1. Which whole-Hz ³J(HN,Hα) couplings does region A:218-233 yield from phi under the Karplus relation 6.51 cos²θ - 1.76 cosθ + 1.60, θ = phi - 60°, glycine and proline marked x?
2. What is the distance, in nm, between label points placed 7 Å from the Cα along the Cα-to-Cβ direction at B:Phe14 and at A:Glu625?
3. Could you tell me the calculated FRET efficiency between B:Phe173 and B:Ile37, based on Cβ-Cβ distance and R0 = 45 angstrom, to the nearest 0.05?
4. Over chain A, what is the relative contact order in whole percent, taking alpha-carbon pairs under 8 Å and six or more residues apart?
5. Could you name the aspartates and glutamates in cross-link range of A:Lys76, using Cα to Cα under 18 Å and dropping any fewer than eight places away on the same chain?
6. Within region B:269-307, whose backbone N sits under 15 Å from a point 7 Å along Cα→Cβ of B:Val2?
7. With just the Cα atoms defining each centre, how far is region B:1-78 from region A:562-610? Give it in Å.
8. Would you work out the charge dipole size for chain A about its Cα centre, treating the Cβ of every Lys and Arg as +1 and the Cβ of every Asp and Glu as -1, and quote it to the nearest 20 debye?
Amino acid sequence: MNTDQEPILVCKDLCISYYTRAGEIPAVVDFSLTVLPGETIGIVGESGCGKSTVAMAIMQHMGANGGIKSGSITFKGRDLTQLSDDELRNIRGSEVAMIYQEPFASLNPSLKISTQLMEVPLAHEDISTEEARKRALQMLGDVKLPDPERIMEAYPHQLSGGQQQRVVIAMGLLSNPSLLLLDEPTTALDVTVEAGIVKLVADISKKYGTSQIYISHNLGLILETCDRVFVMYSGEVVEEGTINSLFTWPRHPYTHGLFACIPLPTADKHAAPLKPIRGQLPLPFERPQGCYYHPRCDHFKEGLCDVDHFKMEHVVDSAPDHRVRCLRYKEIDIRLQTGEGEKKEALELGERVLNVDKMKKYYEVRDNSLKALISGKRIRYVKANEELNFTAHEGETVAIVGESGCGKSTFAKVLMGLEKGTEGEVRHLGKDISDIAVRDRSPKEIASLQMVFQNPFDTLNPSHSIGGQISRVIKKFGVESDKAKIFNRVMKLLDIVKLPRDFYFRKPRQLSGGQKQRIGIARAFAGNPSMVIADEPVSALDVSVAAAVTELLMDIQREHKTTLLFISHDLSVVRYLSDRIVVMYLGHILERGTTEQIFAPPYQPYTEALLSAVPIADPEVTKREIVLEGNLPSAMKPPKGCPFCTRCHRRIGEICDNEPPPEQVVTDRHVIKCHISLEELKQVEHVIHVPDEAERLHARQSQ
Amino acid sequence: MVTLIAKRFGFMVFTMIVVSLILFILLETDLTGDPAIRVLGQFSNEEQRELWREKHGYNQPMLLRYVKWLGNFATGDLGESIRFKGPVADVMLPRLWNTAILGFWTFAIMIPLSLTLGVLSGMKEGSKLDRSISVFGILTTSVPEFASAVIFSALFVFTLKWLPGTSSMSGGFEFKQLILPALVLIVYDFGYVARMTRASMAEVMTSQYIRTAILKGLPYKSVIVKHALRNALIAPFTVIMLQINWLLSGVIVVEFFFAYKGFGALILEASLNNDIALLEACAMVAVCVAVTTQTLADIGYTFLNPRIRFS
């Protein structure tokens, strides 16, 4: 990169506001950014920090009530804020293109892919339809979609999520733009698919020299994709710098707080628990005086931080473009504070609580097409769970990991009694519950097996008060029947989940996402359950909130010795909080063992690929790159042999396609399902390499 | 697709049989009074009634009568109308044709008008154009047909003297006579379809794929015509298909008011005069049209929506 080059995009002192009936709401304040040719800029922050607003402002697509209050956005020497609609239209799509969070929603459902792709060059260049078609085909090949001809003739819903996102990327690149905006391009996708897209995006910027602005809440992804990064908080940039300087020496307390919230591969839940940022993101019209972060900051100094709003400042002893918006950054030595969090004790494992033995769940699907009617094959089976075997003990956290469609949620449904198992046993506290529907279970059985759901926003009834909803559960479970006692119990539960007691009278709409999830946890723990299933409990929450909820869940577990069944696709969280891991793929358990066993060789090849796909927000951790090709096969037509054979990078031959892999026992309770011999699998190197403390950059620096 | 059509067709036949059975029980059996009295009047004597029953086969077992009745229906023998003294088919078909003409012109004007205005107002929700169209739509829809018929007559017939006040077409078909009944229908129905279109269009305009299309740098016209319209018209299409039903039998007031010799007026006349055979035939035709439009709406919907077509 050459700093003498003319910058592609310059945002200068940009202030963006939304105008509503309540008055002007400043969404972004004092934002400055320079993008050089070929450079990738990351913008990171939690929801509501204004990162998407910046992207929309660059596209000049703000909606009716948004507007740029002051400052300028200069793209290749032209101020975008001053352009007419026609001039803007010429720039959009041809010079600046955008890639969106939800690929399916951003493609028109009733137009063929070919139409949607070809119209981009047709609108911007004077070329023939054949030429446009040729270009579109070529681009589909470039984004590594197999069989571009078929994709061209498909409708969006006929493609998988990863394929759709590749199509959207192809659409963005068709007119060879000089700037590409990516707004959380992989958030809606699975980890292994995400890894593929991230690699593609990186290749593209190299191949075409496209500058990129990459918006994400995930620090690990930013690290993997970007050259420079901007950390935003409550509408302003609080710190900017190159990946190296900012990730190695974060200077702003908020940046540091973010890092403390994400579990790194070195983190241990007992020795170094996550340190959530206290308090909440202020609403735009409730921003405090002075530094916006000061009410949540540990280094707040009265009379200094809460007086005037101040500008970004260059960090004295760091790279030239490392700047920070903090008056006290010199006095704060963040390094001294790492690893200083309170220590928590590990739980002793108790009795066996859950025993899953050869559990199967098949769904019947009726095929009503004429073809099926004639051939007589009307009923087909979706094999959602195939011979699941595993156990969980009291106080243990068992994580079930796998991509969407692997059958992990189906298993949770069978456990909860929402579905009946087809074969095999699921013993909870010694009783087989696999074919007892939840309606036929006694209140006590229901109370002892509870669930925390993924989306806290939809799981609370919007028209009942919080207190009413929890009281009802307590009454139903038969924990208490006396009114006063129920009230006391609700109060206690609110204390347990660390919410103020007057939340009893509130309605769900008055709560933030994190608070709602706490209520969800309180509800699950109302009947003193022996086991709680948490289905992606924090994936819908922001990083700092997620850390707090995760810690809370573990504190309660520690106190009540609850068995926690943690369903997740996020291996870094799983690595951090679980004792044992079950890796699922297409309804099969491919590997199970303790967390240490899963994260070290021998690996099942799928586990290996999953580990490689986890973005890690630590520049000194190195990973072996394994990118899976192809799509998850349909559960209606799973491969005959090993379920993973169609995408496996270690496939050894026909045996993988034709014969189901044997279960190989490595040690007690560590089982791998694979045709490759254990000796060979043991030869495989570690996927993630974490440097020792002594090898660390800042350790070397201080010597 | 073939199975869908076959299924819908089977369902259609099934519905018609059920309706015919209900009709038969209501009108042709003693359940709701003696059919002989209904036809011959209450001043007929028992002897006359017995003769009538014998002649028309009413003494046969009920099931046999139903099967015969249904068979006659299916082969086009709809019976004799007492009121018009002739075969039902000869009476009904011209009336049906007249209503079809009225319906055609109503649709020919109402649909393009309401779709255009609906799309225009849905394109920019909350704009001045949107608000004026919406208010106008609510206004026209909330005035019932009998009121607007009176108002239009007062205006165009009595004050301006532009149009004839009746549409009986006694001197042969005259287009001028068609204008007022069609106008009343258009004004009444326009607001409804326009509002449905507006809601559908407004929803599409806020969708992410429209944002994608705009940010691709497509001309605004192309965003609307190519990306928005197709998706926005799926919902109104179903609504429009259902309006055909309403036009067939819901227009009694208008046809009666303007003395237009249409299907709705025929139903009214048949029921006022206890003309059972005619009533049965009219009811069956109405049901047939209702089920057919439903089926067409379902099939059309799948055609418009590729997500259903290819899954």
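The values are calculated or read from the model by the stated rules, or taken from the named source; none is laboratory data. Quick caveat: nothing in here was measured; it's all calculated off a predicted structure. Backbone-built Cβ (ideal geometry, glycine too); neighbour counts: all protein chains shown. For accessibility, only protein heavy atoms count, side chains too; no ligands or nucleic acids. Shrake-Rupley method; radii C 1.70, N 1.55, O 1.52, S 1.80 Å.
1. My calculation for region A:218-233 gives 9, 4, x, 5, 4, 4, 6, 10, 10, 9, 10, 9, 10, 9, 10, 9 Hz in order.
2. Going from the B:Phe14 label point to the A:Glu625 one covers 5.9 nm.
3. On the way: r = 40 Å, r/R0 = 0.88.
The pair B:Phe173/B:Ile37 has a calculated efficiency of 0.70.
4. Values: 1377 pairs, mean separation 84.0, N = 703.
Answer for chain A is 12 percent.
5. Here the aspartates and glutamates satisfying the reach criterion relative to A:Lys76 are A:Asp4, A:Glu6, A:Asp13, A:Glu39, A:Asp85, A:Asp86, A:Glu87, A:Glu95.
6. The answer is none, because no backbone nitrogen lies closer than 15 Å to the label point.
7. What the calculation gives is 71 Å, centre to centre.
8. It works out to roughly 2460 debye.
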